[in-house]
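A short worksheet on the structure shown next.
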Amino acid sequence: MAPTPPGDGSTRIHVVSDVHGNARDLARAGEGADALVCLGDLILFLDYADHSRGIFPDLFGVANADRIVELRTARRFAEAREFGKRLWAGIEGDRAQVIEQAVRKQYADLFAAFPTPTYATYGNVDMPPLWKEYAREGTTVLDGQRVEIAGRVFGFVGGGLRTPMRTPYEIGDEEYAAKVEAVGEVDVLCTHIPPDVPELVYDTVARRFERGSRALLDAIRRTRPRYALFGHVHQPLVRRMRIGATECVNVGHFAGTGRPWVLRW
């Protein structure tokens, strides 16, 4: 795309991803910024660094959270699903309703913490149908859409690709590619998952390659946005790299650090 004229540094955008229940720091994340951008994964279902935190240990206890993390980290997904089924068999009530009730409690706190204006898209662990109930005036939700912020065009693509983890908002490769295509040429390409580059998709703590998008990588090479911002991989092998003219930055550290990534122009 045509180069965007440089700014004078007076515009400041704060970017967060992978909030995972950190409403306290989210309430301060927009301080000093012209806008906040959030790239999803608001919900904390299970913290792989601290197994005592999240919906799963609240329901089943820390010891069972330790076990499910052990199985998933070893990529023994079938065993993890069977283990989960046995645990859910001991819970009263419909599984979907129990999870939704816990998610609603987190969403109420998290959406109340968003400053005005906030531009947000979904992560793979989010539940998009609920967002319209909690997004207040001043919070704009975008998915496969673009918006102008202080003279620059931002494109947003939410969700993740299908994996054995079966998180709530995973979609097929073709559907995801269509959203990337719908965004088109932008100055800043904002997605939850990274482009499919080994250094960007490998999680050094989980010790596995997460799913990145080939369509996203192709779009970055073709349309040459100034920035490609994403999260999803919490402890990536590389947090920042260039792909051609594009600076690719993983901003998915908010749950642990409580600090947004700052974009200025």
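The values are calculated or read from the model by the stated rules, or taken from the named source; none is laboratory data. Because the structure is a prediction, the values reported are computed rather than measured. Surface accessibility is based on the protein's heavy atoms, side chains included, excluding ligands, DNA and RNA. Shrake-Rupley method; radii C 1.70, N 1.55, O 1.52, S 1.80 Å.
Any idea what angle helix 77-89 forms with the longest principal axis of the chain, computed on alpha-carbon atoms, 0 to 90 degrees, nearest 10? Taking Cα atoms only, the helix is inclined about 60 degrees. Counting only alpha carbon atoms, the long axis of helix 95-113 and the longest principal axis of the chain meet at about 40°.
Remark on Ser17: its backbone amide H falls under 5 Å from those of Leu39, His253, Phe254, a criterion applied only to residues 5 or more positions apart or on other chains, H modelled at 1.01 Å from N. Rounded, prolate or oblate for segment 63-218? Axes are the square roots of the Cα gyration tensor eigenvalues, ordered a ≥ b ≥ c, and the cut-off for rounded is a/c under 1.5. Cα axes put segment 63-218 in the oblate bin.
Near Ile243, the amide H atoms lying under 5 Å from its own belong to Cys248; only residues 5 or more places off or on other chains count, and H is placed 1.01 Å from N. With the helix formula -39500 (n - 2.57) applied to DSSP H stretches of n ≥ 4, the chain reaches a computed 222 nm mean residue ellipticity of -9500 deg cm²/dmol.
Solvent-accessible surface of protein heavy atoms, probed at 1.4 angstrom with all chains present, puts Arg67, Arg162, Arg240 in the order Arg162, Arg240, Arg67, largest first. Among the protein heavy atoms, those of Lys85 account for about 120 Å² of accessible surface (1.4 Å probe, every chain in place).
Annotation: Asp203 carries an accessible surface of approximately 10 Å², with a 1.4 Å probe and no ligand, DNA or RNA atoms counted. Taken along its three principal axes, the alpha carbon spread of the chain comes to 59, 36, 30 Å, from the longest extent down to the shortest. The residues of segment 118-253 present an accessible area of 42 Å² per residue when probed at 1.4 Å with all protein chains retained. In the complete set of protein chains, residue-level accessible area for Tyr48 is approximately 70 Å², probe 1.4 angstrom. Accessible surface of segment 1-143, 1.4 Å probe: 50 percent of it comes from carbon and sulfur atoms. A 1.4 Å probe over all protein chains sorts Phe209, Phe56 by accessible area into Phe209, Phe56, starting with the largest. If you line up the long axis of helix 62-73 against the longest principal axis of the chain, both from Cα atoms, how many degrees apart are they, to the nearest 10? On a 0 to 90 degree scale, this one is about 60.
Normalised by the number of residues in segment 207-265, the average gap of Cα pairs under 8 Å and 6 or more apart makes the relative contact order 29 percent. Expressed as a whole percent, the accessible surface of segment 156-265 that belongs to carbon and sulfur atoms is 48, based on a 1.4 Å probe. Taking a ≥ b ≥ c as the square roots of the eigenvalues of the Cα gyration tensor, segment 110-183 is classed as oblate, since a/c reaches at least 1.5 and a/b does not exceed b/c.
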